[in-house]
1. Within segment 168-179, is even one residue within 19 Å of Lys40 (Cβ to Cβ) and among the aromatic types (Phe, Trp, Tyr)?
2. Which of the residues spanning segment 79-102 are assigned to a strand (DSSP E or B) and without any contact (Cβ under 8 Å) to a residue 24 or more places away in the chain?
3. Among the residues of segment 66-78, what is the count of those that are over 17 Å from Arg44 (Cβ atoms) and in a strand (DSSP E or B)?
4. Of the residues in segment 42-70, how many are at negative phi, of a type outside the set (Val, Ile, Thr) and under 15 Å from the mean Cα position of the chain (by Cα)?
5. Please find, within segment 53-78, the residue that is surrounded by the fewest Cβ atoms within 10 Å (Cβ to Cβ) out of those that are among the charged types (D, E, K, R) and free of Cβ contacts under 8 Å to residues at least 40 places away in the same chain.
6. Please enumerate the residues belonging to segment 144-196 that are within 19 Å of Gln68 (Cα to Cα), in contact with a helix residue (DSSP H, G or I) (Cβ under 6 Å, 6 or more places away or on another chain) and not in a helix (DSSP H, G or I).
7. So, in segment 103-116, how many residues would count as being in a helix (DSSP H, G or I) and surrounded by fewer than 20 Cβ atoms within 10 Å (Cβ to Cβ)?
8. If I filter segment 198-210 for residues that are modelled with pLDDT of 70 or more and among the polar types (S, T, N, Q), do I get at least one hit?
Amino acid sequence: MDHNTVNDMAYLGLLGFVLLCFWFFRSPWFKGVSGEFWVKSALRSGLGETEYALLNDLTLPVRGGTTQIDHIVVSRHGIFVVETKNMSGWIFGSADQRTWTQTFRRKKFKMQNPTHQNFKHVKAVQELLGVPQRKIHNVVAFVGSARPRTQMPPNVVWSVRELIKYIKSFDQLLLGEDEVPTTVKKLSEGAVENSRKTRRNHVTHVKSLSGQQGTMLAKCPKCGSAMAKRTNRKSSSEFLGCSNYPKCKGTRRIQ
């Protein structure tokens, strides 16, 4: 093997490595993971550890299965259950509507009202802790480039900065000083182990839910965003598509 051949092989190997890195860092999975890491880091630094305790990616047991919660912030001002949405485009919806609409490049996608979706998480936390619902705050944070086109509920925010500001705006004392570590301990001990088996069982539980509401609770297998029912134009068959399309093209079959 001559010197030029060796150089060509080394060049092709390097080019392949660069292309692989380019694909990896632009993949929906990496964007989802890095996005969640960024939100966790921003919350931790923006809120501080002395007044606020942060729990991330908790899977809690519910009747008949499990539910996944993105973030829970515990402080003397209450328990903040946070649902994050990394989405693009324009968002249309109101507090009372069951479904909201995302428009992106002249395409429209339906999704479950995220405040309604997160209310199920709130109820799971309430049942686990056995506390009044007034001590739990339902918060939805859009952390991508999506922006509202209609009047939104006050508990829906549009950046991590707004999320931190919203949490800090609560000044009424709802938990005693000794209740904060106790609450964190109960949540940690009550959560299901975060493993591949847990995630697989959660997806199975979501798939078993019937109707449009059930499909909207599903998480995208690539980036973790909510999924919505869509129809294939050619075959007229229905499937679940990622709400973060076209940035993410994750899909699931409806069973």
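The values are calculated or read from the model by the stated rules, or taken from the named source; none is laboratory data. In this text the structure is predicted, and so the values were computed from the model without any measurement. Every residue, glycine among them, receives a Cβ derived from its backbone with ideal geometry; neighbour counts consider all protein chains shown.
1. Let us first name the residues in segment 168-179 that are within 19 Å of Lys40 (Cβ to Cβ), namely 168.
Now drop any that are not among the aromatic types (Phe, Trp, Tyr), which leaves none.
No, there is no match, as no residue in segment 168-179 is within 19 Å of Lys40 (Cβ to Cβ) and among the aromatic types (Phe, Trp, Tyr).
2. The answer is Trp100, Thr101.
3. 4
4. 7
5. Per the stated criteria, the residue is Arg63.
6. Val192 - this is the single residue of segment 144-196 that is within 19 Å of Gln68 (Cα to Cα), in contact with a helix residue (DSSP H, G or I) (Cβ under 6 Å, 6 or more places away or on another chain) and not in a helix (DSSP H, G or I).
7. Of the residues in that region, 1 qualify.
8. no
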